[in-house]
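Before any comments, here is the structure.
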Amino acid sequence: MTDMATSPDILYGHVKNIYPVFRSITGKGIRQTLEYISGKVKDLSISHVASGTEVLDWTVPEEWNAYGATIRRTTGEVMIDWAWCNLHLLQYSIPVHARVSRSELEKHLYWIEEQPDLIPYRTSYYRKDWGFCLSAHQRSLLTDDEYDVDIRTELGPGRLSYGEILIPATAPGQDTGEVLFSIHCCHPALANDNASSVAIAIEVIRELQARTDLRLSYRFIFIPGTIGSITWLARNRDTVRYIRHGLVLSCLGDAGAPTYKQSRQGNAAIDRYAAYLVQARWGGKVVPFEPYGYDERQYCSPGFNLAVGCLMRSPNGQFAQYHTSADNLDFVTPAGLHASFGFIMDLVAMMEKDFHPISLCPYGEPQLGRRGLYRAIGGHDGDDPESAFDQMTLLWVLNLADGKHSLLDIAQRAGKPFPAVAAAAEALMRVDLLARPA
Amino acid sequence: MTDMATSPDILYGHVKNIYPVFRSITGKGIRQTLEYISGKVKDLSISHVASGTEVLDWTVPEEWNAYGATIRRTTGEVMIDWAWCNLHLLQYSIPVHARVSRSELEKHLYWIEEQPDLIPYRTSYYRKDWGFCLSAHQRSLLTDDEYDVDIRTELGPGRLSYGEILIPATAPGQDTGEVLFSIHCCHPALANDNASSVAIAIEVIRELQARTDLRLSYRFIFIPGTIGSITWLARNRDTVRYIRHGLVLSCLGDAGAPTYKQSRQGNAAIDRYAAYLVQARWGGKVVPFEPYGYDERQYCSPGFNLAVGCLMRSPNGQFAQYHTSADNLDFVTPAGLHASFGFIMDLVAMMEKDFHPISLCPYGEPQLGRRGLYRAIGGHDGDDPESAFDQMTLLWVLNLADGKHSLLDIAQRAGKPFPAVAAAAEALMRVDLLARPA
Amino acid sequence: MTDMATSPDILYGHVKNIYPVFRSITGKGIRQTLEYISGKVKDLSISHVASGTEVLDWTVPEEWNAYGATIRRTTGEVMIDWAWCNLHLLQYSIPVHARVSRSELEKHLYWIEEQPDLIPYRTSYYRKDWGFCLSAHQRSLLTDDEYDVDIRTELGPGRLSYGEILIPATAPGQDTGEVLFSIHCCHPALANDNASSVAIAIEVIRELQARTDLRLSYRFIFIPGTIGSITWLARNRDTVRYIRHGLVLSCLGDAGAPTYKQSRQGNAAIDRYAAYLVQARWGGKVVPFEPYGYDERQYCSPGFNLAVGCLMRSPNGQFAQYHTSADNLDFVTPAGLHASFGFIMDLVAMMEKDFHPISLCPYGEPQLGRRGLYRAIGGHDGDDPESAFDQMTLLWVLNLADGKHSLLDIAQRAGKPFPAVAAAAEALMRVDLLARPA
């Protein structure tokens, strides 16, 4: 269903550019990332929300920026330097400039015993603390009695920033529904989580901005995780009702099979589209909603209960590289990124094409012969061979076109590919046998 | 459940009489067939609709009659003669009297390469053409350069004819519902498709016309396929709402297992009756609705969406003899016809007996002892051993007699035969513990 | 979930006291039994309904009392004496004092050919008759031509008696719902059926009467089977609507696995609680409703259709000792009684704890950190290790707290134990994140 104009290399190029930036949920790094996006797509608006603003049950935190962080021996020898890897610094560390005993230092160190060469990614957004993340190997070298700790950070009133693009529907007779894509972009040097999704979203936006036939509107938000979606929801509380389908994008660049996590509703249209595509086209798997993971937790909270699922390849917490320094430019591949881009365009194609057709000739079968459709074999739609349809598909569409069945319902009852059913519906609309609902 | 007074031989005798008549969707042959039926049953009304009449999305075609058709060598030797087999002529062939080249002739020949001895049945109702159907063997003998083609047919303004019988409900406290049986009778020398169903319908009508205890009304229509049901629906558009159950009868004389094709609704009462009988009594199978096959396509179009299924033995297109000269008097057997007759009478029995009982003593169990029903074992209903009921069946009927459960619902929840449940309900009505809904 | 203060021996002690009393559906024995119960629990009210009173479709029968019954040889030798075993006398036997032929006597004897040493239990409440129940062995000794039969009974106007206790809800913000426990206590020397349930009910009542935190009210009725529940329903026809859950207790002292028989509704809350407990804790099995068995037949008649199931161990009619002299003090065990007591207290715990929570912070996730619940591990509730909950359980409760999901719904969707979900809901209520429905 998709036009694969975007190349794997373009996607990978974005990841290479985004990956090294030091980001947190607030501060210069996330703004630098939003500026990168703004340079690639049209009409990105960047919003800033002041620290201390109340958002739903939360408060926008102080802004945090980091400029350097080291652990040195008292001899001056540098043992850990943030400049080596920006995961070394515990996110939201307060400034420290002190000589500390080894036992005191160890209370502030984070490592992974089972993965002795990897540096973990850790945060302390809402509890004031300082710390270093390092490999178990690095940690084993810290045997002196005392160390000099130097953390140069600023934590104070500032702003939380996020980016947003609305691509309005352009087709004649367009729909009022909106599609939400939510991409967290608050993590520092983690390539899959979530530079991959930022890269893919940029290219999806470029595709959609180039089209003039969109029936739905598309909204993309680039936000810090959790507090970002909560802030956005707080500021859009009344308009989220227009969201018909939504998707959180995360960890989309690795070589794992696609994983679609259902919305809380479980049987929303997007859940059914994804389930169809997993079975018919993508492979991979569908997993049920649970109130843990990414920002779908917020969109699917009971007050909103939006039809928002989450698309991943290897799911959060289920790959060894997750939240470590191994989630790097080797873990993400051009091919993985490009396949994920295709999955999203497949979903967009279903969102765009599906509707509940109404037969304009519902009493008895229409006479297809005088309309040139008797034993018609429909041509392909673009280059998708699955969109070829046969006489039987035409008859199924006509038979179920009572306004109660979507094209996907029809495809599943008829045992025909969705693209063929959509193409048959198009053919029937051209001869005025079928209409969209008023 | 059925009184099998009708013998296999009577049914087969009808097929023998009907089979040889040359029929099409209009013309003398179908009228001759209707007259045969009229001679066997009471009160058949025959309707005639003028060519050109608009019926739903269609137009009643011109009337077609054939008088002869041959292919001769230029020497005069007859190679194909309609008199040998009335399938030889393409239905709705226009008149031709010409010498044609072999290559021209071949554009108008229809044969089956894989079944070299069989003559296919072909039509061209809505595209003006001429042609011959012949065996692949016959065709291989046509090696001359030229042939004389002689087709003596008439195509012009005339009438489409169909037959209709209404057998009104006769029981006291009768129901307003109607049962529709639809039988196509437009095919020439095909014994199973559909002389078999005409024969069986005649005998079902005779059974029902002899009864005085019918709760439902029964309507039988004998029509040309497709255009006939469309014409009948166009003329009865507002009254079809009274149809509670309906059944298209087709291909009911061969030795295959019974096949019930569900209505579009899929869970209509008739679908459940047939599923019950397939499982409990008939064997065979239930297949889902699809918008292809016989006149159920019209009854189940979305504007009507009637509860009309289709009863067959070997389904259309799934037996080697289908639409060929092998669908003859050898393919249809007296035993096959008689069993199908029994299936229909089983369905009638369920339609007649089922209702949603209402307990007249719904608070606590009624005391069965003082009504002579304590540990009662109910007698047989007629000669059906399945209609014997036990105490447990009585208790189930009473327990579920809340107006929301049909007798079939009760039978299935209780795990008891439907005839036993129906007999238990009768026994409870006799002692005023149970009533029909008002 | 249960406080097992009641010991197996206390329960068995009740059975030993209740077992020997000669009971029928009316008369001194059932009143003596009610007086025993009255001596063990507070506030038992005993109702008396006069013979001849119309109750639903039935009439309260005459009161029956027995004083002695023998079969003697004409020599005076006693062959059968009611004093040996109170099952010997057919219940509701009329008085007889006559010499009868052996053939006449045999019309009035009941024995079990397949179990030659056991005396059966038989009744003739609604057909005036007399008779003796005896072992096949005893019967084989009756070879004389004539015997002297002496049955000293009284059958005449009197009263039907039953006992009733209401334990009102005591918790602040209590519920209006009521739980019905129904225990038949009309059988003579049958220990499992149903001295076992009387014994257990006494101790359940004592537990509940000692509590001050009951959200629901609990009603226990001790009744003669069938006519007792019919009489009680007739006198409480309008108030049964307050019954939210109900349970018939029967045959609860043997060593068989627990059997929960569903209510007619099949998916009532109590049906789901029992199914959960069978799967998670008890073992045993759930069997579907059928309109046969104990007094659930009356509660589940279509006019009432109450959510009343039946708890048994070995089900009625499915153990060899059923309705015979082998249903004695050896068949019932202290351990079996005590386990059944626990099952009932488990059900009570679920009835008490379950509700449909409503999030007070439904838009986005609440910030658990500032409420001390971030990564909280909840403590045990009493001594139930299953009530420990984790962060994920808290998130599930919050996510599904939309007033449409019960705690059991949440437990089942989350795959968490019900006690953990209930404890998490308690923790969330303590920090004002969750409320009960208004």
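Scanning segment C:159-197 for residues that are small (Gly, Ala, Ser), at negative phi and open to solvent by 20 Å² or more (accessible area, probe 1.4 Å) yields no hits at all.
If the condition is being under 23 Å from B:SER196 (Cα atoms), open to solvent by 10 Å² or more (accessible area, probe 1.4 Å) and either within 14 Å of chain A (Cβ to nearest Cβ) or part of a helix (DSSP H, G or I) (or both), then segment B:210-241 contributes B:GLY225, B:THR226. Which condition from (1) closer than 30 Å to B:ARG127 by Cβ; (2) open to solvent by 10 Å² or more (accessible area, probe 1.4 Å); (3) touching a strand residue (DSSP E or B) at 6+ places or on another chain (Cβ under 6 Å) is the one that A:PRO357 breaks? Result: A:PRO357 passes all but (2).
Selection of segment C:420-434 for residues being open to solvent by 50 Å² or more (accessible area, probe 1.4 Å) and assigned to a helix (DSSP H, G or I) yields C:GLU426, C:ARG430. Is it the case, given these coordinates, that A:ASP390 is of a type in the set (Asp, Glu) and over 19 Å from A:VAL348 (Cα atoms)? For A:ASP390, the condition - of a type in the set (Asp, Glu) and over 19 Å from A:VAL348 (Cα atoms) - is met.
Filtered by the rule that a residue be open to solvent by 20 Å² or more (accessible area, probe 1.4 Å), within 14 Å of chain C (Cβ to nearest Cβ) and within 28 Å of A:LEU190 (Cα to Cα), segment A:244-271 gives a lone residue, A:GLN262.
Scanning segment B:48-59 for residues that are in contact with a Lys or Arg (Cβ under 8 Å, 6 or more places away or on another chain) and more than 11 Å from chain A (Cβ to nearest Cβ) yields B:HIS48, B:VAL49, B:ALA50, B:SER51.
Test C:LEU311 against the stated conditions and say whether it is outside the structural domain of C:GLU114 (by TED's automatic domain parsing) and either basic (Lys, Arg) or over 17 Å from the mean Cα position of the chain (by Cα) (or both). For C:LEU311, the condition - outside the structural domain of C:GLU114 (by TED's automatic domain parsing) and either basic (Lys, Arg) or over 17 Å from the mean Cα position of the chain (by Cα) (or both) - is not met. With the structure loaded, tell me whether A:PHE355 is in a loop (DSSP other than H, G, I, E, B), out of contact with any helix residue (DSSP H, G or I) (no Cβ under 7 Å at 6 or more places or on another chain), of a type in the set (A, V, I, L, M, F, W, C) and away from chain B (no Cβ under 14 Å) or whether it fails that test. It is false that A:PHE355 is in a loop (DSSP other than H, G, I, E, B), out of contact with any helix residue (DSSP H, G or I) (no Cβ under 7 Å at 6 or more places or on another chain), of a type in the set (A, V, I, L, M, F, W, C) and away from chain B (no Cβ under 14 Å).
Could you check, for segment C:359-366, whether at least one of its residues is of a type in the set (A, V, I, L, M), within 13 Å of chain A (Cβ to nearest Cβ) and more than 30 Å from C:HIS14 (Cβ to Cβ)? Yes, because at least one residue in segment C:359-366 is of a type in the set (A, V, I, L, M), within 13 Å of chain A (Cβ to nearest Cβ) and more than 30 Å from C:HIS14 (Cβ to Cβ). Every listed requirement among (1) of a type in the set (Ser, Thr, Tyr); (2) more than 14 Å from chain A (Cβ to nearest Cβ); (3) open to solvent by less than 50 Å² (accessible area, probe 1.4 Å); (4) under 29 Å from the mean Cα position of the chain (by Cα) is met by B:TYR110 save one, (3).
The condition of being under 25 Å from the mean Cα position of the chain (by Cα), farther than 30 Å from C:ASP213 by Cβ and not β-branched (Val, Ile, Thr) holds for only one of C:LEU134, C:LEU56, C:LEU141, that being C:LEU56. Only one of the listed residues (C:SER325, C:SER387, C:SER314, C:SER340) is in contact with a Gly (Cβ under 6 Å, 6 or more places away or on another chain) and away from every other protein chain (no Cβ under 14 Å). That residue is C:SER314. Scanning segment A:1-59 for residues that are of a type in the set (Ser, Thr, Tyr) and within 20 Å of A:CYS85 (Cα to Cα) yields A:TYR19, A:SER24, A:THR26, A:THR33. Filtering segment A:95-106 for residues that are within 27 Å of C:GLN367 (Cβ to Cβ), touching a residue at least 60 places away in the same chain (Cβ under 8 Å) and either within 14 Å of chain C (Cβ to nearest Cβ) or within 28 Å of the chain's Cα centre (by Cα) (or both) leaves an empty set.
The conditions of being of a type in the set (S, T, N, Q) and assigned to a loop (DSSP other than H, G, I, E, B) are met by B:THR26. Restricting A:PRO417, A:PRO437 to residues that are touching a helix residue (DSSP H, G or I) at 6+ places or on another chain (Cβ under 6 Å) and surrounded by fewer than 21 Cβ atoms within 10 Å (Cβ to Cβ) narrows the list to A:PRO417.
If only residues of segment C:398-414 that are under 30 Å from the mean Cα position of the chain (by Cα) and open to solvent by 10 Å² or more (accessible area, probe 1.4 Å) are counted, the one that is nearest to C:HIS356 (Cα to Cα) is C:HIS405.
For segment A:60-77, enumerate the residues that are away from chain C (no Cβ under 14 Å) and in a loop (DSSP other than H, G, I, E, B). Selection gives A:GLU62, A:THR74, A:THR75, A:GLY76, A:GLU77.
Scanning segment C:328-344 for residues that are open to solvent by 10 Å² or more (accessible area, probe 1.4 Å) and either of a type in the set (A, V, I, L, M) or closer than 23 Å to A:GLU296 by Cα (or both) gives C:LEU329, C:ALA335, C:ALA339.
Taking the criterion of being open to solvent by less than 60 Å² (accessible area, probe 1.4 Å), more than 21 Å from A:LEU141 (Cα to Cα) and of a type in the set (Ser, Thr, Tyr), the residues of segment A:35-90 that qualify are A:TYR36, A:SER38, A:SER45, A:SER47, A:SER51, A:THR53. Scanning segment C:279-295 for residues that are without any contact (Cβ under 8 Å) to a residue 60 or more places away in the chain, assigned to a loop (DSSP other than H, G, I, E, B) and within 14 Å of chain B (Cβ to nearest Cβ) yields a total of 6. Here A:SER314 meets the list (1) modelled with pLDDT of 95 or more; (2) open to solvent by less than 30 Å² (accessible area, probe 1.4 Å) almost entirely, failing just condition (1). Residues in segment B:398-410 that are part of a helix (DSSP H, G or I) and more than 9 Å from every other protein chain (Cβ to nearest Cβ): B:LEU407, B:LEU408, B:ASP409, B:ILE410. Taken over segment C:296-309, the residue count meeting the criterion of being open to solvent by less than 10 Å² (accessible area, probe 1.4 Å), within 14 Å of another protein chain (Cβ to nearest Cβ) and of a type outside the set (A, V, I, L, M) is 5.
The values are calculated or read from the model by the stated rules, or taken from the named source; none is laboratory data. Because the structure is a prediction, the values reported are computed rather than measured. Here Cβ is always computed from backbone atoms with ideal geometry, including for glycine, and neighbour counts include all displayed protein chains. To get the accessible areas, we keep the full protein, side chains included, count just its heavy atoms, and leave off ligands, DNA and RNA. Shrake-Rupley method; radii C 1.70, N 1.55, O 1.52, S 1.80 Å.
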